[in-house]
1. Looking for something in a loop (DSSP other than H, G, I, E, B) and aromatic (Phe, Trp, Tyr) - is there at least one such residue anywhere in the range 89-96?
2. For the range 66-85, check the following and say yes or no: at least one residue is under 19 Å from Val8 (Cβ atoms) and β-branched (Val, Ile, Thr).
3. Taking only the range 87-116 into account, find how many residues are of a type outside the set (A, V, I, L, M, F, W, C) and within 18 Å of Glu19 (Cβ to Cβ).
4. Under 24 Å from Asn2 (Cα atoms) and part of a helix (DSSP H, G or I): is that true of Glu107 in this structure?
5. Is there a residue being of a type in the set (Lys, Arg), at pLDDT below 90 and out of contact with any strand residue (DSSP E or B) (no Cβ under 6 Å at 6 or more places or on another chain) anywhere in the range 21-35?
6. Take the range 103-118 and flag every residue that is in contact (Cβ under 8 Å) with a residue 24 or more places away in the chain and either of a type in the set (D, E, K, R) or surrounded by fewer than 15 Cβ atoms within 10 Å (Cβ to Cβ) (or both).
7. Quick one: would you say Asp60 is more than 20 Å from Glu19 (Cα to Cα), among the acidic types (Asp, Glu), free of Cβ contacts under 8 Å to residues at least 24 places away in the same chain and assigned to a helix (DSSP H, G or I)?
8. Among Thr11, Thr69, Thr17, Thr84, which is assigned to a helix (DSSP H, G or I) and touching a strand residue (DSSP E or B) at 6+ places or on another chain (Cβ under 6 Å)?
Amino acid sequence: MNHLDKEVLKTLEEKLTVEREQLIKDLSSIAKQDPENPANWQPLTNDNTQTSADPNERGDRMEEYEANTAVVNDLEVRLLHVNTAIKNIGTESYGICSECGKEIPEERLMVNPAASTCVEHSS
C-alpha cells in the first residue's frame with residue numbers, strides 16, 4: 001500500500017501533468033520531436049534556408065545550435081523523469097526511493113513530484 005493518500009496522489013498527478021505540458025511547450029519552441037522516437041527532440045536553429053558565406057553568421061548559428069542542444073538535453077531528461085513519475089503514480093513504486101527503498105516524504109514530492117530518490121540520495 002502506498003504511503004500517500006488518494007488526494008495527495010491526485011494533486012501530485014495534476015502537478016506532473018501541468019509540468020509535462022509546460023516541458024513539451026518549452027521543447028517545441030526550440031526543438032522538433034523525432035517522429036520515429038518521440039522521446040528524442042532535435043534542436044532547431046534560426047536557419048534562413050540560405051547558406052551564408054559570412055563566417056560570423058555561420059558562427060552565430062552554430063552557437064545557437066549548441067546552446068539549444070544543452071537546453072534540449074536538460075528538458076528531455078526532466079520530461080523523462082516526469083513521464084516516468086506519471087506512469088508510476090498508480091503503482092507501489094511511486095514515492096519510494098529508487099536507491100534505498102524508503103518512502104520519499106510527502107513534502108519532498110510536493111516540491112518535486114518527479115523525485116525518485118529520498119533526500120539522502122538526491123544529487
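The values are calculated or read from the model by the stated rules, or taken from the named source; none is laboratory data. Since we're looking at a predicted model, the values are computed, not measured. All Cβ positions, glycine included, derive from the backbone under ideal geometry; neighbour counts span all protein chains shown.
1. Within the range 89-96, one or more residues are in a loop (DSSP other than H, G, I, E, B) and aromatic (Phe, Trp, Tyr).
2. yes
3. Here the count works out to 11.
4. Yes, satisfied.
5. So far as the range 21-35 goes, no, none of its residues is of a type in the set (Lys, Arg), at pLDDT below 90 and out of contact with any strand residue (DSSP E or B) (no Cβ under 6 Å at 6 or more places or on another chain).
6. Of everything in the range 103-118, those that are in contact (Cβ under 8 Å) with a residue 24 or more places away in the chain and either of a type in the set (D, E, K, R) or surrounded by fewer than 15 Cβ atoms within 10 Å (Cβ to Cβ) (or both) turn out to be Glu103, Glu106, Met110.
7. When the stated conditions are applied, Asp60 passes them.
8. The match here is Thr69.
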